[in-house]
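Quick notes on the structure that follows.
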């Protein structure tokens, strides 16, 4: 089958001088005074959403650089835990359920760690480190959680306007100085890629032989981040007609109505995987695509971290802050006077999304 996983152009790169200067403005309430050589076990509380978790991955490589002798345990919600499989330096991934069950998991790990990072800004994530009995608990001083952090990082507003990758990395400023970062990268095993290749090979696409094009039409945030399904269908039909593109619909179960609307309008064969793949499966499928057309979503960030060429469509959010962290991405964004509004819905008819035409996306793809 003529599909090969994309290579990963993710070599370590210098952190821009402007970013490092902003990192210097960050201060910690409570100094990190532990002997770095004594840090043997680190726990990192991951963000809860796929896109945020992907953008936080450079923190792990930063910890490796600062504490090369340490083992890292990632504490993650089940929906994102698979992102950390195969990550260099990660010795263990612990998933926990919602509700009371998570506290039982935390109590079972109590006393095992020397250093902990709370990457989300939630009170719950800082409380979790406290319940774990971690002696050095690091995170941004936000959401009234200062009592549970003994290295509470302040000055995060100095990072305003920077990409979220740098925002997460800024937490490490309280622990040491970094001059370089490894961009977000996801790792797949050969059997996972082989299984995805078999899935694509078996797709009933009526003899289409063109490039594999992924369509990711959803966005959990809300319709202000979703290009209209009618345009997604028009794009897919045009790509199939002009290039014999082999189309793959991707997304979560909640995006089923959007996917059904696209299929209704499409008028050509499509492999519909919306809600039908686990996280690691969809990552493997993404790795085999020739291009992904996507809204600002978790799959967009995952594709970028896999080195997949992609076209990212932005509406109410800011690509400077949450755009794909990749040199193989094209961002389409038509800001309006109200941009970025960060709203989930729009009272004036989604002009920023409607300004992006099918022809424009075709040219970018």
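Read-outs: derived from the displayed coordinates by stated rules, not from any lab. This is a predicted model, so every value here is computed, not measured. Every residue, glycine among them, receives a Cβ derived from its backbone with ideal geometry; neighbour counts consider all protein chains shown.
If I model a spin label as a point 7 Å beyond the Cα along the Cα-Cβ vector, how far apart are those points for residue 110 and residue 157 in nm?
Here the answer is 3.8 nm between the modelled labels.
Sorting check: for 59-68, 117-126, which peptide has the highest mean count of neighbouring beta carbons within 10 Å, and how do the rest follow? Write out the running numbers ahead of the final one.
Details: 59-68: 19.2, 117-126: 22.0.
In decreasing order of mean packing, 59-68, 117-126 become 117-126, 59-68.
Expected output is a single nm value to one decimal: the length gained when fully extending between residue 230 and residue 328, i.e. 0.36 nm times separation in residues minus the C-alpha distance. What is it?
Extending this stretch completely gives an extra 32.7 nm.
Using only the C-alpha atoms of the chain, find the volume of their convex hull and express it per residue in Å³.
Values: hull volume 50.8 nm³, N = 365.
Each residue corresponds to 139 Å³ of Cα convex hull volume.
If you take the beta carbon distance between residue 339 and residue 35 as r and set R0 to 35 Å, what does 1/(1 + (r/R0)^6) give as a FRET efficiency, to the nearest 0.05?
0.15
Per Stokes-Einstein, at 10 °C and 1.306 mPa s, what whole-number D in µm² s⁻¹ belongs to segment 208-287, with the Kirkwood radius over Cα pairs as the hydrodynamic radius? Can you show the working numbers first?
Working: Rh = 12.7 Å.
Value of D from the Cα-based Kirkwood radius: 125 µm²/s.
Treating the angle as unsigned and between 0 and 90°, give the value, to the nearest 10°, between the Cα long axis of helix 57-66 and the longest Cα principal axis of the chain.
30 degrees
Set the Förster radius R0 to 25 Å, insert the Cβ-Cβ distance between residue 13 and residue 91 as r into 1/(1 + (r/R0)^6), and round the FRET efficiency to 0.05. Before the final figure, lay out the partial values.
Numbers: r = 26 Å, r/R0 = 1.02.
It comes out at approximately 0.45.
How long is the gain from residue 278 to residue 220 if the chain were fully straight, where each residue apart is worth 0.36 nm and the alpha carbon distance is subtracted?
Numbers: separation 58, 0.36 × 58 = 20.88 nm, distance 1.65 nm.
Taking 0.36 nm per residue and subtracting the Cα distance, the gain is 19.2 nm.
How tilted is helix 190-201 with respect to the longest principal axis of the chain? Cα atoms for both, answer in degrees (0 to 90, nearest 10).
Taking Cα atoms only, the helix is inclined about 20 degrees.
Can you compute the modelled spin-label distance between residue 100 and residue 357, with each label point 7 Å from Cα toward Cβ, in nm?
6.0 nm
Any chance you could run the full-extension gain for residue 320 through residue 27? It's 0.36 nm times the residue separation minus the Cα-Cα distance, nm to one decimal. Each step should come with its number before you reach the end.
Values: separation 293, 0.36 × 293 = 105.48 nm, distance 2.41 nm.
Once the chain is fully extended between residue 320 and residue 27, it gains 103.1 nm.
If packing is taken as the average count of other Cβ atoms within 10 Å, what order do 46-58, 293-305 fall into, highest mean first?
Numbers: 46-58: 23.8, 293-305: 27.5.
Ranked from most to least packed, the peptides come out as 293-305, 46-58.
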